[in-house]
Amino acid sequence: MVGAGGMGRAWAQTIKANPDAELVGMADLYVEAAESAAADTGIPGLAVGTDAVELARRVGADAIVNATIPEAHHPVTIAALHAGFPVIGEKPVAATVAEGLSLAATAEHTGQLFMVSQSRRYHPALHQAKRQLAGLGAVGIVAVDSFRSPRFGGFREEMASPLLLDMAIHQFDMARFLLDADPVSVSCEEYNPGWSWYAGDAAANAVFAMEGGRPVHLQRLLVQPRPRDLLERFLADLGRTRLRPLGRRE
């Protein structure tokens, strides 16, 4: 297991719970983080290290799970594939298209399996929706509106495009699954709402043209405001504003 952040710790618990898999090591650039994550698994004597390939060789691992930050996906996976380890990685595939193509080429060159997790594809509700569609006729338009307000902390709040690079693939992939079609073009505008706590653009509107000419409209905001957030922003902006009772509510 490479990457001892939130996703790495979640993966570690998933591996631990699967009777067909055995977690044998935790790697992270910061060995203290690896040690902390290893302790959280409850697995006694779990090996730790700062180099994924070195640790995998040391403990006799069969495969590597890459849950590092997006910028590290390419170097970590490249090293693992060249060392003879199959890899399952977190999305996105890599930080850029060029890096993604490089990983695909390396997997083909080395003959090692490289997979990328796309967990929403396997959500039971999505499959139920597709079964329902089958009896309604051809799909003409897919519209997706998604509004969330996660406070991840860490690297996502500093990324240039946290929504498009790290999160929006879930909606894009669900559209592909529902239509059994791939996109051929896209028009997209990303922006950052005034209340956003993200440094990069955390909202976007995208229109895809799919194979067969069917459009897909997607609107996604990563920073949908909650009432508490709006009140805090209101008070901060107005400074000396005093609230007085208005009927039964303030």
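Against the empirical 2.2 N^0.38 Å (N residues), the range 15-69 has a Cα radius of gyration ratio of 1.05. Here the accessible area of the chain is 56 percent carbon and sulfur, with a 1.4 angstrom probe and all protein chains present. Each residue of the range 183-194 is assigned a 3J(HN,Hα), and the resulting list reads x, 10, 7, 8, 10, 9, 10, 10, 7, 10, x, x Hz, derived from the Karplus form 6.51 cos²θ - 1.76 cosθ + 1.60 (θ = phi - 60°), x at Gly and Pro. Roughly how tilted is helix 31-41, in degrees to the nearest 10 and between 0 and 90, from the longest Cα axis of the chain? With rounding to tens, the tilt is 80 degrees.
Entry for the range 46-94 at q = 0.15, 0.32 Å⁻¹: log10 I(q)/I(0) = -0.34, -1.32, Debye formula applied to identical alpha-carbon scatterers, no solvent contribution. In this calculation the C-beta distance from L136 to I169 is compared with R0 = 35 Å, giving a FRET efficiency of 0.85.
Extension gain for Q13-A63 works out to 16.4 nm (0.36 nm per residue, less the C-alpha to C-alpha distance). Just checking the listed ones, A104, A33, A129: in the Gaussian network model of the chain with Cα springs under 10 Å, the one fluctuating most is A129. Seen from G137, the other residues with C-beta closer than 15 Å to its C-beta sum to a net charge of +2, counting Lys and Arg as +1 and Asp and Glu as -1.
Using the average count of surrounding beta-carbon atoms within 10 Å as a protection proxy, the listed peptides 200-212, 16-28, 110-122 rank, highest first, as 200-212, 16-28, 110-122.
Axis of helix 169-179 versus longest Cα principal axis of the chain: the two differ by about 90°, to the nearest ten degrees. Loop-resident trypsin sites (Lys or Arg not before Pro) (DSSP state other than H, G, I, E or B) in the range 131-208 with no more than 12 further Cβ atoms inside 10 Å of their Cβ: R148, R151.
Our compactness index for the range 99-147, the C-alpha radius of gyration over the empirical 2.2 N^0.38 Å, is 1.76.
For V48, the residues whose amide H sits under 5 Å from its own are M26, ignoring neighbours fewer than 5 places away on the same chain, with H placed 1.01 Å from N. Applying Stokes-Einstein at 4 °C and 1.567 mPa s to the Kirkwood radius of the chain, computed over alpha-carbon pairs, gives a translational diffusion coefficient of 62 µm² s⁻¹.
A 1.4 Å probe run over the protein chains yields, for the range 71-187, 54 Å² of accessible area per residue, whole-number rounding.
The values are calculated or read from the model by the stated rules, or taken from the named source; none is laboratory data. This is a predicted model, so every value here is computed, not measured. Positions of Cβ are backbone-derived with ideal geometry, glycine not excepted, and every protein chain shown enters the neighbour counts. All accessible areas refer to the heavy atoms of the entire protein, side chains included, with ligands and DNA or RNA removed. Shrake-Rupley method; radii C 1.70, N 1.55, O 1.52, S 1.80 Å.
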